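A short write-up of the structure that comes next.
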Amino acid sequence: MSRPRTPNDAVCPNSGCKYHLKVKDKNIRKQGKNSAGHQRYQCMHCKTYFVETSNTPMYHRHISEEELIYIGRLLIDKSSNRAISRKTGLTLVTVSRVIDAIIQYAVEFNKMMKDKVSISQDELDDMWSFMRNNKRKWSKEQLK
């Protein structure tokens with residue numbers, strides 16, 4: 001008799017899976033760690049492997065969560081990309097790509113900022129309106 005699986009918060013990110021982003025009746029198991037040290041999972045329905053940072057602004061980023069939160073704080077303070085680059089020590093291209101990921105995963109970013117930094121919704125709304133008004137290079141779909 002095998003032991004029961006440890007409960008986890010992971011959901012399948014595969015859009016072809018019938019349990020895509022569903023919590024109920026999921027069948028996901030831990031499958032070790034990847035080279036960056038992130039937990040790997042496997043969906044037992046579609047046999048897809050994924051990491052814990054899937055569907056977050058941290059996916060495919062080589063920055064720590066603290067750096068992402070610091071960039072978020074600087075965005076709330078309405079800093080430009082160049083100012084963020086100078087303050088964090090990251091290149092301008094990296095900062096721009098991180099901000100693109102923040103825009104792409106806006107809901108997850110807002111949740112993370114509320115939970116970990118206790119930022120109010122008004123401050124987050126100010127940040128998004130600042131980004132919408134001042135960043136012309138992003139498409140309208142990204143800023144909705």
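The values are calculated or read from the model by the stated rules, or taken from the named source; none is laboratory data. Keep in mind it's a predicted model, so treat the numbers as computed, not measured. Glycine gets a Cβ as well: all are built from the backbone with ideal geometry, and neighbour counts include every protein chain shown. The accessibility values were calculated without ligands, DNA or RNA, using every heavy atom of the protein model including side chains. Shrake-Rupley method; radii C 1.70, N 1.55, O 1.52, S 1.80 Å.
Using a 4.7 Å Cβ-Cβ cutoff, every cysteine of the chain has at least one partner cysteine.
With both labels modelled 7 Å from their Cα along Cα-to-Cβ, the Tyr70 to Ser15 distance reads 3.5 nm.
Accessible surface for Thr53 stands near 20 Å², nearest 10, in the context of the full protein assembly shown (1.4 Å probe). Between Gln104 and Thr6, what's the calculated FRET efficiency when r is the beta-carbon distance and R0 is 30 Å? Round to 0.05. After rounding to 0.05, the efficiency reads 0.50.
Our estimate of slack between Ala36 and Ser80, defined as 0.36 nm per intervening residue step minus the Cα-Cα distance, is 12.9 nm. One chain, two ends: Thr53 and Ser118. Fully extended at 0.36 nm per residue, the span grows by 21.3 nm beyond their Cα-Cα distance. At a probe radius of 1.4 angstrom, the accessible area of the range 1-98 per residue rounds to 66 square angstrom. Taking a ≥ b ≥ c as the square roots of the Cα gyration tensor eigenvalues, the chain comes out prolate, since a/c reaches at least 1.5 and a/b is larger than b/c. Taking the DSSP beta bridges with both ends in the chain, the antiparallel portion is around 90 percent.
Give me the percent of the accessible area of the chain that comes from carbon and sulfur atoms, probe 1.4 Å, all protein chains in place. That share works out to 47 percent.
The H on the amide N of Arg40, modeled in the peptide plane, is under 5 Å from the matching H of Gln31, Gly32, Lys33, Asn34, each at least 5 residues off or on a different chain.
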